[in-house]
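A short write-up of the structure that comes next.
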There are 2 protein chains.
Amino acid sequence: MPKHRVVIVGGGFGGLQAALHLKDADVDVTIVDRRNFHLFQPLAYQVATGALATGEVAYPLRAIFRRQGNVSVMLAEAEGFDLTAKTVKLRTAAGAETLDYDTLVVGGGSKYNYFGHPEWQEHAAELKTLEGALHIRAQILHAFEQAEVASDPVERERLLTFVIVGAGPTGAEMAGQIAEIARDTRDEFRVVDTWQAKVLLVEAGDRVLAAFPKRLSAKAEKSLGSLGVTSLTNHMVTDIDAEGVTMKTDQGEEKVRAGTVIWAAGVLAASVATTLAEAAGAEQDKVGRLLVEPDLTVPGHPDVLAIGDMVQVAGGDPLPGVAPVAMQMGRYVARSIKSKLRGGTSGPFKYKDKGNLATLGRARAIAELPPGIRVSGFFAWALWLGIHLWYLVGFQNRLLVFIRWGFSFITHGRGTRLITGESNMP
Amino acid sequence: MPKHRVVIVGGGFGGLQAALHLKDADVDVTIVDRRNFHLFQPLAYQVATGALATGEVAYPLRAIFRRQGNVSVMLAEAEGFDLTAKTVKLRTAAGAETLDYDTLVVGGGSKYNYFGHPEWQEHAAELKTLEGALHIRAQILHAFEQAEVASDPVERERLLTFVIVGAGPTGAEMAGQIAEIARDTRDEFRVVDTWQAKVLLVEAGDRVLAAFPKRLSAKAEKSLGSLGVTSLTNHMVTDIDAEGVTMKTDQGEEKVRAGTVIWAAGVLAASVATTLAEAAGAEQDKVGRLLVEPDLTVPGHPDVLAIGDMVQVAGGDPLPGVAPVAMQMGRYVARSIKSKLRGGTSGPFKYKDKGNLATLGRARAIAELPPGIRVSGFFAWALWLGIHLWYLVGFQNRLLVFIRWGFSFITHGRGTRLITGESNMP
């Protein structure tokens, strides 16, 4: 009898956990991804600031499943679903292909939301991919290099102005790290004073890190301020062009000339959510998230499950688009498949909130642990460090990251400050 | 009194050593490079095979000279020289600029020689830059991914054929590493058998690693053979196209269909050698190398020195284009500048040959130490490891590389097998 075939689209946090937790199940798993690696997205910003190397935040999917014989990895893009014939249409290097499934799991993740202004994307770098992180790295480092040779002081000021749009964890962490680069590289430049760099964290809402309690937001803003980051809350971005950023405040419009703009504002569900919604006749919310049943199945299709930050449980509380949610969904889905194969059923998915952490640079962080425990400063940072190391895929990476962070902490150095890619020429 | 100004064009092995050894001199040094980092070229092939990360073989020039106050780093391209006015014409991010010098040192390195066939470059990847290494990494890994989904066995065979042109150290090392990847990743693919991969090392001469004594060449060829590399000596490449490589042998022409072709044949001096030769009215040899005086000055211009593999001492023995030659030239130039400032003179540059090493994969290497001592196998490999670690710039890198190599050695794993860049889509 042929084995039950599980196809997982997406090798992110959710898909990875689903496949890993099907290890002991009598199924054939195929994990499909456009990339040959799993990206540890929460640390991608550290690649963008030269603190970590790409191999420390990304790990080949094949290496992860090397010893898990029931998993095949396929480098392919899911282009369509036929939920009646139970097939996934794929595009591989060899052309179009069709993959049969008995159970389908889709976790396509999210992309940045430019709120109807796709033209901003050209001038605002984003962190969603590894290439995006390398591009930002090159852009930040190049800004300092350009400032070093600029003869016009106005132009130099523009080059040394960094605007980060969106004060969620990614934006706040980026801002803190850029301020640290400016501070730590002062000795390396002979003309420009990198301390003159302006790092502006622009947020439409009234506080930074709004997912945290007010008191921690205030602490974070103060902590960022001491690093040299100016938080511009209640500032709504109305335009981004090659010159800089225009913002609207209570006092009217304000334009800031900036050499580097980084976009870290809202997200939209990945386009595969729409592809799946159309195939299933399912609904999506305002940001494109597929509305799923409490057991994460797509309405009317008990053999199709959708997970991660491209889904929202219909009528349920909105869940944050963070790795722990996706990972718990992935594990839930694996359990649910196994129980169904044994003829059982599953209760609804329940997210267990283990807390919320954000780091703001060297030995600074804020944390909210579930039963109202709030911490900040070094202890929160140590906690952040421990948890991130723990979850990094692969022992080799974990150790290397630890050593690199250890060195960075002691020496204030950054090992990977290389300007590579298209931005390499002066 | 203004200080003596030394301008060094090129932050490679020669330029770096010259600047470092001017530490205690009463001079102002400006080191000009198109890139913001020094590349440890002899290990670039390890990036191409996923064994090392970019930050482990490249180090920011500013970080290297952070504490050497008499050195300024400038991200710029040297576009021309006026040896009468004593200026260098530069192109920086801010536009054209002119830099005055009292002593000029030029070490521009080399580029690959396609022997009059620039059209081959499109189909043959090369290792000269960090981007080149990442491109090769993506290409090799992608070839296996493509083979995994290929339905046509002929196409699969083509995808699993890797041709390396040129059996010098770079070519031999690349070939050995690709064969190792094929062997070590067998468990990760479910359809394709990576052991079926063909790795062909094509060489026009009659033996591999011809810079070594015949006995060691033979050992190397045998060692490569046991890894799965087929050495095709006396094979002259006559064409490279999208399909593969055509070679001429005693038996006539032979065409090999190959998915990946890597170019590691002869080199030409960098184009800055020609720019300098024209400005100085100096001669160049067949491969573009500038002919310099025994004291490495450009004929008729005692304040202009040229170093590294873009030069050849007129009438002297040809020197190999390796890092130790460039490094010794750099140090000689620093000494010579210091002695001139004190009113002294310098004897001719003498290359001290400390031996020749090549590694051929896991725990295999060959070495020729100066007084006719020849070693191969594990001992040669340990020697190679020690010497390369010793010379890697920066303590952080050295430790990380050691740990990564240690893990790779124990686990047969490769930490950085990421397909990034343009080649990321299936």
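The values are calculated or read from the model by the stated rules, or taken from the named source; none is laboratory data. None of the values given here were measured: they were computed from a predicted structure. Cβ coordinates were reconstructed from backbone atoms using ideal geometry, including for glycine residues, and neighbour counts include every protein chain displayed. Accessible surface is based on the protein model in full, side chains and every heavy atom, while ligands, DNA and RNA are left aside. Shrake-Rupley method; radii C 1.70, N 1.55, O 1.52, S 1.80 Å.
For the range B:73-86, which residues satisfy the criterion of being surrounded by fewer than 17 Cβ atoms within 10 Å (Cβ to Cβ) and over 30 Å from B:Gly266 (Cβ atoms)? Quick ask: steps written out before the conclusion?
Keep residues of the range B:73-86 that are surrounded by fewer than 17 Cβ atoms within 10 Å (Cβ to Cβ), which gives B:77, B:79-80, B:82, B:84-85.
Answer for the range B:73-86, where residues must be surrounded by fewer than 17 Cβ atoms within 10 Å (Cβ to Cβ) and over 30 Å from B:Gly266 (Cβ atoms): B:Asp82, B:Thr84, B:Ala85.
Quick test for you: out of B:Ala51, B:Ala96, B:Ala25, B:Ala85, pick the one residue that is within 23 Å of the chain's Cα centre (by Cα) and outside the structural domain of B:Leu385 (by TED's automatic domain parsing). Give the derivation first.
Numbers: B:Ala96 fails: within 23 Å of the chain's Cα centre (by Cα); B:Ala25 fails: within 23 Å of the chain's Cα centre (by Cα); B:Ala85 fails: within 23 Å of the chain's Cα centre (by Cα).
Only one candidate qualifies: B:Ala51.
Does the range B:101-113 contain at least one residue that is under 15 Å from B:Val261 (Cα atoms) and either buried (at least 19 other Cβ atoms within 10 Å of the Cβ) or out of contact with any strand residue (DSSP E or B) (no Cβ under 9 Å at 6 or more places or on another chain) (or both)?
So far as the range B:101-113 goes, yes, one or more of its residues are under 15 Å from B:Val261 (Cα atoms) and either buried (at least 19 other Cβ atoms within 10 Å of the Cβ) or out of contact with any strand residue (DSSP E or B) (no Cβ under 9 Å at 6 or more places or on another chain) (or both).
If you scan the range A:184-204, which residues turn out to be at pLDDT 90 or above, under 25 Å from A:Leu357 (Cα atoms) and open to solvent by 10 Å² or more (accessible area, probe 1.4 Å)?
Matches in the range A:184-204: A:Leu200, A:Glu203, A:Ala204.
Output yes when any residue across the range B:136-146 is open to solvent by 50 Å² or more (accessible area, probe 1.4 Å) and closer than 26 Å to A:Ile31 by Cα, and no when none is. Give the steps one after another, and end with the answer.
The initial filter retains those residues of the range B:136-146 that are open to solvent by 50 Å² or more (accessible area, probe 1.4 Å), namely B:146.
Subset that is closer than 26 Å to A:Ile31 by Cα: B:146.
The answer is yes, given that some residue of the range B:136-146 is open to solvent by 50 Å² or more (accessible area, probe 1.4 Å) and closer than 26 Å to A:Ile31 by Cα.
Please enumerate the residues belonging to the range B:205-231 that are open to solvent by 40 Å² or more (accessible area, probe 1.4 Å) and within 20 Å of the chain's Cα centre (by Cα).
Correct list: B:Ala210, B:Ala211.
Restricting attention to the range A:9-18, does a residue exist that is of a type in the set (S, T, N, Q), touching a strand residue (DSSP E or B) at 6+ places or on another chain (Cβ under 9 Å) and at negative phi? I'd like the intermediate steps shown before the answer.
We begin by selecting, within the range A:9-18, every residue of a type in the set (S, T, N, Q); these are A:17.
Remaining after also requiring touching a strand residue (DSSP E or B) at 6+ places or on another chain (Cβ under 9 Å): none.
There is no residue in the range A:9-18 that is of a type in the set (S, T, N, Q), touching a strand residue (DSSP E or B) at 6+ places or on another chain (Cβ under 9 Å) and at negative phi.
Considering only the range B:196-216, I want to know if a residue exists there that is touching a Lys or Arg at 6+ places or on another chain (Cβ under 8 Å) and of a type in the set (Asp, Glu).
No.
Exactly one of (1) open to solvent by 30 Å² or more (accessible area, probe 1.4 Å); (2) modelled with pLDDT of 90 or more; (3) under 26 Å from A:Thr54 (Cβ atoms) is unmet by A:Lys128. Its number?
(2)
For residues that are of a type in the set (D, E, K, R) and under 17 Å from B:Asn113 (Cα atoms), tally how many sit in the range B:242-285. Full working, then the answer.
At the first step, the residues of the range B:242-285 found to be of a type in the set (D, E, K, R) are B:243, B:248, B:250, B:253-255, B:257, B:278, B:283, B:285.
Next, only the ones that are under 17 Å from B:Asn113 (Cα atoms) stay: B:285.
Residues in the range B:242-285 being of a type in the set (D, E, K, R) and under 17 Å from B:Asn113 (Cα atoms): 1 in total.
Conditions (1) within 19 Å of A:Val106 (Cβ to Cβ); (2) in the same structural domain as A:Val292 (by TED's automatic domain parsing); (3) modelled with pLDDT under 90, marked per residue:
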{"position": "A:Pro320", "(1), (2), (3)": "no, yes, no"}
{"position": "A:Ala326", "(1), (2), (3)": "yes, yes, no"}
{"position": "A:Met329", "(1), (2), (3)": "yes, yes, no"}
{"position": "A:Tyr351", "(1), (2), (3)": "yes, no, no"}
{"position": "A:Gly372", "(1), (2), (3)": "no, no, yes"}
{"position": "A:Gly386", "(1), (2), (3)": "no, no, yes"}
{"position": "A:Trp390", "(1), (2), (3)": "no, no, yes"}
{"position": "A:Val393", "(1), (2), (3)": "no, no, yes"}
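Can you pull out the helices (runs of 4 or more DSSP H) entirely within the range B:20-101 that have at least 1 residues that are facing another protein chain (nearest Cβ under 10 Å) and of a type in the set (Lys, Arg)?
Working: elements: B:44-48, B:54-57, B:61-64.
Where helices (runs of 4 or more DSSP H) fall fully within the range B:20-101 and carry at least 1 residues being facing another protein chain (nearest Cβ under 10 Å) and of a type in the set (Lys, Arg), they are B:61-64.
Would you check if there is a residue in the range A:5-27 being crowded, with 24+ Cβ neighbours inside 10 Å, closer than 30 Å to A:Glu180 by Cβ, in contact with a helix residue (DSSP H, G or I) (Cβ under 8 Å, 6 or more places away or on another chain) and not hydrophobic (A, V, I, L, M, F, W, C)?
Yes: one or more hits.
Being of a type outside the set (Phe, Trp, Tyr) and loosely packed, with under 15 Cβ neighbours inside 10 Å is the requirement here; does A:Lys350 meet it? Full working, then the answer.
Details: of a type outside the set (Phe, Trp, Tyr): yes; loosely packed, with under 15 Cβ neighbours inside 10 Å: yes.
So A:Lys350 passes the test.
Of all residues in the range B:238-283, how many are open to solvent by 10 Å² or more (accessible area, probe 1.4 Å) and over 23 Å from B:Glu122 (Cβ atoms)?
Of the residues in that region, 13 qualify.
Checking the conditions here, which among A:Asn36, A:Asn70 is open to solvent by 10 Å² or more (accessible area, probe 1.4 Å), farther than 23 Å from B:Thr416 by Cβ, touching a strand residue (DSSP E or B) at 6+ places or on another chain (Cβ under 9 Å) and polar (S, T, N, Q)?
Working: A:Asn36 fails: farther than 23 Å from B:Thr416 by Cβ.
Result of the check over A:Asn36, A:Asn70: A:Asn70.
Mind checking which helices (runs of 4 or more DSSP H) fall wholly inside the range A:128-244 and carry at least 3 residues that are in contact with a strand residue (DSSP E or B) (Cβ under 9 Å, 6 or more places away or on another chain), without any contact (Cβ under 8 Å) to a residue 24 or more places away in the chain and within 14 Å of chain B (Cβ to nearest Cβ)?
Numbers: elements: A:130-149, A:153-159, A:169-184, A:214-227.
Of the helices (runs of 4 or more DSSP H) lying wholly inside the range A:128-244, none has at least 3 residues that are in contact with a strand residue (DSSP E or B) (Cβ under 9 Å, 6 or more places away or on another chain), without any contact (Cβ under 8 Å) to a residue 24 or more places away in the chain and within 14 Å of chain B (Cβ to nearest Cβ).
Just to be sure I understand, how many residues within the range A:284-338 are crowded, with 18+ Cβ neighbours inside 10 Å and on the phi > 0 side of the Ramachandran plot?
Final tally of qualifying residues: 3.
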